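All remarks here apply to the structure that follows.
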Amino acid sequence: MSLQHSDLDRRSLAIHRLAVEKLEREPALLARARAILARWRAASSARTAPALDEWQRLLDADGGRGVRAVALADTERAAQLRQSSPLACLLTSQERFAIIKQWRNSDAKA
């Protein structure tokens with residue numbers, strides 16, 4: 001099965017939906033997202049720096065409340081930002097695999 005770019009965007013959105021739900025249940029994970037982002041920013045290139053800077057602003061503003069809106073938005077910019085999002089790293093491998101499996105099963109039926 002070959003995935004189209006739109007398929008990857010939908011899968012990323014599903015992963016981010018789960019990550020946002022987890023973050024809302026466990027607000028302390030915001031510090032972990034900031035730490036992940038700090039590591040990435042230290043090694044970022046000029047190409048990735050603007051997106052990482054935007055995530056930094058989102059994580060820092062209003063206690064991270066703006067993260068949800070951007071992470072779950074159905075816009076081209078949000079899809080681009082999800083490609084460099086620290087939020088997916090908040091999920092365990094099992095959580096990521098479960099959502100990918102669920103997404104594949106629902107996509108196969110569509």
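The values are calculated or read from the model by the stated rules, or taken from the named source; none is laboratory data. Small disclaimer: the values here were computed from a predicted structure and weren't measured. All Cβ positions, even for glycine, are placed from backbone atoms using ideal geometry, and neighbour counts span all protein chains on display. For the accessible areas, the whole protein counts, side chains as well, though only heavy atoms, and no ligand, DNA or RNA atoms are used. Shrake-Rupley method; radii C 1.70, N 1.55, O 1.52, S 1.80 Å.
Key figures for this structure:
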{"quantity": "Filter pass, residue 74 being over 11 Å from the mean Cα position of the chain (by Cα), touching a residue at least 24 places away in the same chain (Cβ under 8 Å) and outside any helix (DSSP H, G or I)", "calculated": "yes"}
{"quantity": "Whichever residue in the stretch 86-110 is of a type in the set (A, V, I, L, M) and at pLDDT 95 or above and, among such residues, is surrounded by the fewest Cβ atoms within 10 Å (Cβ to Cβ)", "calculated": "91"}
{"quantity": "Unmet requirement for residue 41, which otherwise passes all of (1) under 22 Å from residue 5 (Cα atoms); (2) open to solvent by 60 Å² or more (accessible area, probe 1.4 Å); (3) in contact (Cβ under 8 Å) with a residue 12 or more places away in the chain", "calculated": "(1)"}
{"quantity": "Residue 61 vs. criteria at pLDDT below 95, more than 13 Å from the chain's Cα centre (by Cα), aliphatic (A, V, I, L, M) and in a helix (DSSP H, G or I)", "calculated": "yes"}
{"quantity": "Selection within the stretch 1-43 - polar (S, T, N, Q) and either modelled with pLDDT of 95 or more or over 16 Å from residue 71 (Cβ atoms) (or both)", "calculated": "2, 4, 6"}
{"quantity": "Filter result (crowded, with 18+ Cβ neighbours inside 10 Å and under 9 Å from residue 86 (Cβ atoms)) within the stretch 20-35", "calculated": "33"}
{"quantity": "Of all residues making up the stretch 52-71, the number that are within 22 Å of residue 10 (Cβ to Cβ) and either open to solvent by less than 20 Å² (accessible area, probe 1.4 Å) or touching a residue at least 40 places away in the same chain (Cβ under 8 Å) (or both)", "calculated": "4"}
{"quantity": "Yes/no for residue 83 being out of contact with any helix residue (DSSP H, G or I) (no Cβ under 9 Å at 6 or more places or on another chain), surrounded by fewer than 14 Cβ atoms within 10 Å (Cβ to Cβ) and within 24 Å of residue 102 (Cβ to Cβ)", "calculated": "no"}
